[in-house]
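The next block holds one structure in the form of structure tokens; read it before the comments.
Every read-out reported here was derived from the displayed coordinates using simple, explicitly stated rules and does not represent laboratory data. Please read these numbers as outputs of a predicted model, since none were measured by experiment. Cβ sites come from the backbone with ideal geometry, for glycine too, and all protein chains shown count toward neighbours.
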Amino acid sequence: MSVPPPPAPVAAFLAAYAAQDEAAVRACCAEDLHYEDPLTAPLEGVDAFLVHLRAAWRAFPDGRLEATGPSPRTNALLAAPLKLVGTHRGPLGPVPPTDRFLVVHAVLYAELDTSGERLWRARTFYDVHGAATQIGALPKAGTAGQRALWVLQGFGLKRQ
């Protein structure tokens, strides 16, 4: 099944991300971009967004974002289903490189600027727990590691 191409601003961002091209990111994002995702405080401006992207590029130097389905669009609003694919080869916050391959499905919800050509307000939604499990930062469900973590957190102990 072929995936229809995403709207031009999203396609430009996907290409810029894969190329790790800061100038191309600037070209597809409004200067006053507002960005949020589950791991960041709200970011204001394309410069702050580029700091976030540089960290992602260091953590996943082979990382790429791929469109996974049609992107519904109504005027300036769009939702783009994506997946992040890459190998965890650099630090990700406090998590050291694990050399584990990662596939995380996400949805980019965005409002475009008045020209309709650049991302202006954007938020990405994805499964943080699933990603942490894939890179080994959290134990897999049902394992002894998960049970041990629960005990350390005070779950599973008998309380009187």
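Near residue 38, within a Cβ-to-Cβ distance under 13 Å, what is the net charge of the other residues, with Lys and Arg +1 and Asp and Glu -1? Write out the running numbers ahead of the final one.
Details: positive: 123; negative: 36, 37, 127.
Residues near residue 38 contribute -2 overall.
So, R0 is 25 Å and r is the distance between the beta-carbons of residue 27 and residue 2; what FRET efficiency does that work out to, to 0.05? Numbers along the way, then the final one.
Working: r = 27 Å, r/R0 = 1.07.
Calculated value: 0.40.
Measure out, as a whole number of angstrom, how far apart the alpha-carbon centroids of the stretch 5-57 and the stretch 102-160 sit.
Using only Cα atoms to place each centre, the spacing works out to 20 Å.
Counting only DSSP beta bridges with both residues in the stretch 8-152, what percent are antiparallel, rounded to the nearest 5? Please list the in-between numbers first.
Values: 27 of 31 bridges.
Just about 85 percent of them are antiparallel.
With springs only between Cα atoms under 10 Å apart, run a GNM on the chain and tell me which of 56, 67, 144 wobbles the most.
Maximum among the listed residues: 144.
Given +1 on the Cβ of Lys and Arg, -1 on the Cβ of Asp and Glu, and no further charges, what dipole in debye does the chain carry about its Cα centre, rounded to the nearest 20? Provide the component values of the computation, followed by the final result.
Working: 15 positive and 15 negative charges, 195 e Å.
Its charge dipole is roughly 940 debye.
How large is ³J(HN,Hα) for each residue in the stretch 71-79, as worked out from phi by the Karplus curve 6.51 cos²θ - 1.76 cosθ + 1.60 (θ = phi - 60°), to whole Hz, x for Gly and Pro?
10, x, 9, 10, 6, 8, 9, 8, 10
Note the full-extension length gain between residue 89 and residue 39 as 0.36 nm times their separation in residues minus their Cα-Cα distance, in nm to one decimal.
Going from the current span to full extension adds 16.2 nm.
Using a Förster distance of 30 angstrom, determine the FRET efficiency expected from the C-beta separation of residue 153 and residue 117, and round it to 0.05.
The value I calculate is 0.05.
Once the convex hull of the C-alpha atoms of the stretch 50-135 is built, how many Å³ does it hold per residue, rounded to a whole number? Intermediate results must be reported in sequence, preceding the final value.
Values: hull volume 8.2 nm³, N = 86.
Here the figure is 95 Å³ per residue.
Seen from all sides and averaged, what is the projected area of the convex hull of the Cα atoms in the stretch 51-93, in nm²?
Values: hull surface 15.3 nm².
Dividing the Cα hull surface by four gives the mean projection, 3.8 nm².
Indicate the helices, whole DSSP H runs only, in the chain that combine a mean Kyte-Doolittle hydropathy of 1.0 or more with a Cα extent along their long axis of 15 angstrom or more.
Details: long enough: 8-19 (16 Å, 1.71); 46-59 (20 Å, 0.67).
Long hydrophobic helices here: 8-19.
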